[in-house]
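Readers should treat all values here as calculations from the given coordinates under stated rules, not as data from a laboratory. These numbers were taken from a predicted model, which means no experiment stands behind them. A quick note on method: Cβ atoms are made from the backbone with ideal geometry, for glycine too, and the neighbour counts reach across all protein chains shown.
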Amino acid sequence: MAVLWAAFFNFIAMFVFAPKVADTIAKIVKIDAADPAFVYVVLSGLLGAIVWDLITWWWGLPTSSSHALIGGFAGAGIAHMGLDVIRWHKLGETMIFIPLAPLLGFGAGFAFMIGVYWMFRNWRPHSVDKIFRKGQLVSAALYSLGHGGNDAQKTMGIIVALLMAAGIFDQNVHLSMLHWNTLWIILACHLAMAIGTAMGGWRIVKPWE
């Protein structure tokens, strides 16, 4: 039930978060549809990220697959056309949060922890346990919502970049649920996230002997 709960909120994240992350990733590299090699730039960036993720998974290193994807895509673009091919303001939006996001999370988490301690300081342990057991449903839902909203969007960004490289989308495209030509991308990525969580999530929850 916990896995299905997480899968459900992975999916409905598409109705909560605007696809800003996807737009940023798709437009880090200035793609020229007239140059057919840009299709291979996108493919190379994707393969580079996959190889890096597999190596770090095998070595047990805690790395970010999102940043691997962005780095692989940007690196492939630089290898093909040089530094001028990068939209540095888009890349900068991502890079600045590499050190900033953990600090913000630490500060917010610490403040929330102190607040919870203060709110329940006079409660009986049995009462606290009873309400926190139900509260886990809320925290798990929020966690899964954030996970779906971020991880599905990085895949959307690569799909959009590939479609721009193929000349199907222009440089001004913006992902939206209001238009079918981009709705299917949002729907497919969130559905894949949900199905993947539902089918493989138990392996994460239950350690195998």
Taking Rh as the Kirkwood radius computed over alpha-carbon pairs of region 1-56 and applying Stokes-Einstein at 20 °C with viscosity 1.002 mPa s, one gets a diffusion coefficient in µm² s⁻¹ of 150
Packing-ranked peptide list from 9-21, 132-144, 190-202, highest mean Cβ count within 10 angstrom first, is 9-21, 190-202, 132-144
Rounded to two decimals, the Debye log10 I(q)/I(0) of region 89-195 (Cα scatterers, no solvent) at q = 0.18, 0.19 Å⁻¹ is -1.03, -1.08
Cross-link reach from Lys90 to lysines, straight Cα distance under 19 Å and at least 8 residues apart if same chain, gives Lys20, Lys27, Lys30, Lys154
Across the alpha-carbon set of region 2-205, Rg over Rh with Rh taken as the Kirkwood radius works out to 1.05
Partner lysines whose C-alpha sits under 25 Å from that of Lys130, ignoring same-chain residues fewer than 8 away, are Lys206
The answer for the per residue Cα convex hull volume of region 1-116, in Å³, is 168
Helix 65-81 sits off the longest principal axis of the Cα atoms of the chain, rounded to the nearest 10 on a 0 to 90 degree scale, by 10
